[in-house]
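A.B. asks: Take this structure, written in structure tokens, and hold onto it; I'll ask about it next.
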Amino acid sequence: MKIHYLEIVTKDIDALCALQSKIHGVTFGGPDKNLGGARTAELKDGGLIGIRGPMRDTEQPIVRPYLLVEDISSSIDAAEKSGAEVAMPPTEIKGRGHFAIIIHDGIESGLWQL
């Protein structure tokens, strides 16, 4: 397994970007509209971390890893058969691949296919 994208939702984007920059020595760019306005930084292993604000009033702070998969449709099918709820079906982000979000026992995680 490889985390392709680590998404962090927070109400204080600038403070968390500054903290993560100091801890991990990364530099965050400006908001990326294709990633919900997340400020992103590239990680040494080729992954990406994104920090963004809530996209709706009911969205709470969360850390959500997106694991790389070879076939997102098959992975979603397997997740559903194992009892996971599909919170976001496979969705394309232009130039970045497809992502989906599943919830199992209250734990949110994402899938990403390049």
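A.B. asks: Can you confirm whether Leu19 is out of contact with any Asp or Glu (no Cβ under 9 Å at 6 or more places or on another chain), modelled with pLDDT of 95 or more and not acidic (Asp, Glu)?
C.D. replies: Details: out of contact with any Asp or Glu (no Cβ under 9 Å at 6 or more places or on another chain): yes; modelled with pLDDT of 95 or more: yes; not acidic (Asp, Glu): yes.
Yes, satisfied.
A.B. asks: Does Asp12 qualify as being at pLDDT below 95 and farther than 24 Å from Ile103 by Cβ?
C.D. replies: Working: at pLDDT below 95: no; farther than 24 Å from Ile103 by Cβ: yes.
No, not satisfied.
A.B. asks: Sort out which residues of the stretch 71-102 are on the phi < 0 side of the Ramachandran plot and open to solvent by less than 40 Å² (accessible area, probe 1.4 Å), and write them in order of number.
C.D. replies: Taking the stretch 71-102 as the starting set, the residues that turn out to be on the phi < 0 side of the Ramachandran plot are 71-82, 84-94, 96, 98-102.
Residues satisfying the conditions are Ile72, Ser75, Ile76, Ala79, Ala84, Ile93, Phe99, Ala100, Ile101, Ile102.
A.B. asks: Also, quick follow-up: Taking the stretch 46-70 as the region of interest, how many residues are without any contact (Cβ under 8 Å) to a residue 24 or more places away in the chain and either basic (Lys, Arg) or open to solvent by less than 40 Å² (accessible area, probe 1.4 Å) (or both)?
C.D. replies: Selection size over the stretch 46-70: 1.
A.B. asks: What's the total number of residues in the stretch 60-114 that are part of a strand (DSSP E or B) and among the small types (Gly, Ala, Ser)? Don't jump to the end; show me each part of the working.
C.D. replies: Residues of the stretch 60-114 that are part of a strand (DSSP E or B), as a first pass: 62-68, 85-93, 97-104, 107-113.
If we keep only those that are among the small types (Gly, Ala, Ser) too, we end up with 87, 97, 100, 109-110.
So the answer is 5.
A.B. asks: Just one of (1) within 15 Å of the chain's Cα centre (by Cα); (2) of a type outside the set (A, V, I, L, M, F, W, C); (3) open to solvent by 30 Å² or more (accessible area, probe 1.4 Å) trips up Gly106, so point out which.
C.D. replies: So Gly106 meets the others, but not (1).
A.B. asks: For the stretch 1-45: of the residues being under 17 Å from Met55 (Cβ atoms) and of a type in the set (Lys, Arg), which is least open to solvent (accessible area, probe 1.4 Å)?
C.D. replies: Arg39
The values are calculated or read from the model by the stated rules, or taken from the named source; none is laboratory data. Source: prediction; values computed, not measured. Heads up, the Cβs are rebuilt from the backbone with ideal geometry, glycines too, and the neighbour counts pull from every protein chain shown. Just the protein is used for accessible areas: all its heavy atoms, side chains included, with ligands, DNA and RNA removed. Shrake-Rupley method; radii C 1.70, N 1.55, O 1.52, S 1.80 Å.
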